[in-house]
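Below is one structure; the comments refer to it alone.
The values are calculated or read from the model by the stated rules, or taken from the named source; none is laboratory data. Only a predicted model underlies this, so the values are computations on that prediction, with no experimental measurement involved. Accessible surface areas use protein heavy atoms only, side chains included; no ligands, DNA or RNA. Shrake-Rupley method; radii C 1.70, N 1.55, O 1.52, S 1.80 Å.
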Amino acid sequence: MPFHRQTPILRQDWSLEEIESILDLPFGDLLFRAQQIHRTQFDPNRIQVSTLLSIKTGACPEDCGYCAQSAKHDTGLKPERLLSLEEVLEAARAARDQGATRFCMGAAWRNPTDRNLDQVIEMIQGVHALEMETCVTLGMLTGAQARRLKEAGLDYYNHNLDTSPEFYGQVITTRTYQERLDTLEHVRCVGLKTCSGGILGMGESRRDRASMLRQLANLPAHPESVPINLLVQIEGTPLEGVASLDPFELVRIVAAARILMPASYVRLSAGRSEMSDETQALCFLAGANSVFYGERLLTTSNNASDRDRALFARLGLAFEEVAPERTEPGACHKTLAHS
Ligand code: SAM
Ligand code: DTB
Ligand code: SF4
């Protein structure tokens, strides 16, 4: 049966109490509500798949407490230079041959230099020529850098809020929450699609999780893509050994993200290789409709592609073709004095 999308009701005025009461719903009621909304916006039996590649690994000056790539933590990771254009295109072709429709390139930078951007732009153009959607995550951007990326044909920029503003300082001290919001504004205001989400299981409270969702859902335009990562614990990072999250809490957060941001893709991101098939299936039922697909994330392993294909087949989920245009380019309500 062909899928007909309804006009979404989008709100950007969620209160923390409203979100907490959504999260407090009986599990069945929460999933039912998320499913109802999901089915007004998406074919429930299709999943969007993106493949990740770390184009520049390690030696990052930031101190993000979860990250294998911070130079401030002794994680044993070997830093690598920026990959060559040919290395990137070879990986993109392989991802395309496996069925991925979007290729996401990540760099361990606080922010790119203009010279870095010249090189990444060649990669974006090369991947675009393979008829894949492009996404990059390069750290903080100026308005002028965001504009250059847009002009180069980039589709998505990933920049996660990662957690609540209240908990942020316990995880990262080398940048502020406001700096994250500023980059998101630059990205939105040049008409790039935004990919922004966070990480669960870092020792944050339920209230922090609600507060992070509130930040995402109350942005001037909902991110087109919302990655929900489960912390991948890395030896040598400050967050190694933190108590693991109840899988039902993960499912609840996915469901709440779906309810708050009905038209956004919700991506079940890092941490899938530690989840059971049943947990992943519950997340898809709760409204997750995108995953990272391919054997590796940035520095850690992802689910094997054949395990993923088998799971999707068991659930009757088909890969989505290149996503149709869903939204008008980012509503730009400038709050910055200059960009
Ligand atoms: N350096 C850029 C930045 O931080 O924006 C881009 C790359 S960074 C690795 C991209 C995102 O990966 C982070 O914002 C975080 O959400 C996620 N991430 C990094 N390490 C992770 C981990 N160990 N577990 C889960 N997510 C992680
Ligand atoms: C996102 O939200 N998660 C991805 C991507 N965006 C860049 C990164 C996950 C990294 C997991 C840990 C690692 O492989 O180093
Ligand atoms: Fe650097 Fe990004 Fe890792 Fe933070 S998350 S240490 S900014 S690579």
- Query: Relative to the present Cα-Cα distance, how much length would full extension add between Ala310 and Gln35 at 0.36 nm per residue of separation?
  - Reply: 96.7 nm
- Mind listing the Cα extents of segment 153-213 along all three principal axes, in Å, largest one first? 38, 20, 14
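Eight or more residues apart or on different chains, and alpha-carbon atoms under 29 Å: count the Lys pairs in the chain matching that.
7
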- Query: Roughly how many whole Å is it from the C-alpha centroid of segment 234-291 to that of segment 111-150?
  - Reply: 28 Å
- In a Debye calculation with equal point scatterers on the alpha-carbon sites of segment 131-178 and no solvent, what is log10 I(q)/I(0) at q = 0.24, 0.31 Å⁻¹? -0.90, -1.18
- Message: Probe of 1.4 angstrom, ligands and nucleic acids ignored: what's the accessible area per residue over the chain, in square angstrom?
- Response: 42 Å²
- Where does segment 209-315 land on the Kirkwood hydrodynamic radius, alpha-carbon pairs, in angstrom? 14.6 Å
- Amide proton proximity set for Gln48, modelled H, under 5 Å, gap of 5+: Ser290, Val291, Glu320
- Surface/4 of the Cα convex hull for segment 6-92, nm²: 10.5 nm²
- Query: Tell me, what is the Rg over Rh of the chain, with Rh the Kirkwood radius over Cα pairs?
  - Reply: 0.93
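Give the Kirkwood hydrodynamic radius (Å, one decimal) of segment 38-180, defined as one over the mean of 1/r across all pairs of different Cα atoms. Numbers along the way, then the final one.
Working: mean 1/r = 0.0607 Å⁻¹.
Hydrodynamic radius (Kirkwood, Cα pairs) of segment 38-180 is 16.5 Å.
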- Message: Can you work out the Karplus-derived ³J(HN,Hα) for every residue in segment 111-120? Use 6.51 cos²θ - 1.76 cosθ + 1.60 with θ = phi - 60°, whole Hz, and x for glycine or proline.
- Response: 7, x, 7, 5, 5, 4, 5, 3, 6, 5
- Message: No solvent, one uniform scatterer per C-alpha: report log10 I(q)/I(0) for segment 104-241 via the Debye equation at q = 0.20 1/Å, two decimals.
- Response: -1.21
- Query: Hey, what number do you get for the chain at 222 nm if only DSSP H runs of n ≥ 4 count, each worth -39500 (n - 2.57), divided across all residues, to the nearest 500?
  - Reply: -11000 deg cm²/dmol
- 5 angstrom amide H check on Leu200, placed H, neighbours 5+ away: Asn229, Leu230, Leu231
- Rg over Rh, two decimals, segment 61-104 (C-alpha only, Kirkwood Rh): 1.13
